[in-house]
């Protein structure tokens, strides 16, 4: 993501510190100066590895997308249908954005910056293909890419909220209805899945998913740093 793509202990440390600060204090509440100070490097050295905060955010977004893929695979393995799993994932993300200000801020940045939005859209296209197209590519992929651009816009509108926004259940219902309709899901199936989602304790599910995601990031940071250190020691 930065100019220096080769894994190094310093780069892994920067990601570890920055992701912890983003999740604890928010993306806007974390400065590059704070990251470099905690990493024990100069601001100039930080920009050598990551030109901007958004480049570090992109690493965290990649991990978030990997976590989402893992969760969907886990639910599929447990026998839950792909369509319901997709609906529950978006619902949990909306609940997280509503209840956890630092995640609201992080998601706002992720959907607003071209670098991170591109990651979201590419991963989203793969997910939509799996859920709605049985995993098959549609021609040259342009149609699913176009549809994903619409879906990511719906997701953004659902996750971002102000005091004048509709309530969370109304935003969830509207988003799921629009997305399922876009992909031609029959009306009776749409009503069934949306009703099933809204009958769950999706706020509690959001808190659980958020806690699992934080553990996933912490473990990923530890593994990445350990792996780089082992490689460095081996080369030495």
**Asked** If residue 180 satisfies every condition in (1) surrounded by 16 or more Cβ atoms within 10 Å (Cβ to Cβ); (2) at pLDDT below 95 but one, which is the exception?
**Response** (2)
**Prompt:** Just for helices (runs of 4 or more DSSP H) wholly inside segment 1-105: which have at least 3 residues that are touching a helix residue (DSSP H, G or I) at 6+ places or on another chain (Cβ under 6 Å), surrounded by 15 or more Cβ atoms within 10 Å (Cβ to Cβ) and not assigned by TED's automatic domain parsing to the domain that holds residue 225?
**Reply:** 53-77, 82-99
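Conditions (1) touching a strand residue (DSSP E or B) at 6+ places or on another chain (Cβ under 9 Å); (2) under 21 Å from residue 227 (Cβ atoms); (3) at pLDDT 95 or above, marked per residue:
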position	(1), (2), (3)
9	no, yes, no
21	no, no, yes
43	no, no, no
65	no, yes, yes
**Request:** Hey, can you tell me all the residues within segment 26-65 that are under 16 Å from residue 216 (Cα atoms) and free of Cβ contacts under 8 Å to residues at least 24 places away in the same chain?
**Result:** none
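Quick check on this structure: which one of 141, 124, 174, 206 is in contact with a helix residue (DSSP H, G or I) (Cβ under 8 Å, 6 or more places away or on another chain) and touching a residue at least 40 places away in the same chain (Cβ under 8 Å)? Talk me through it step by step, then tell me what you get.
Details: 141 fails: touching a residue at least 40 places away in the same chain (Cβ under 8 Å); 124 fails: touching a residue at least 40 places away in the same chain (Cβ under 8 Å); 174 fails: touching a residue at least 40 places away in the same chain (Cβ under 8 Å).
From the options 141, 124, 174, 206, the qualifying one is 206.
The values are calculated or read from the model by the stated rules, or taken from the named source; none is laboratory data. Remember, it's a predicted structure, so these values are computed and weren't measured experimentally. Reconstructed Cβ throughout: ideal geometry from the backbone, glycine too, with neighbour counts over all protein chains shown.
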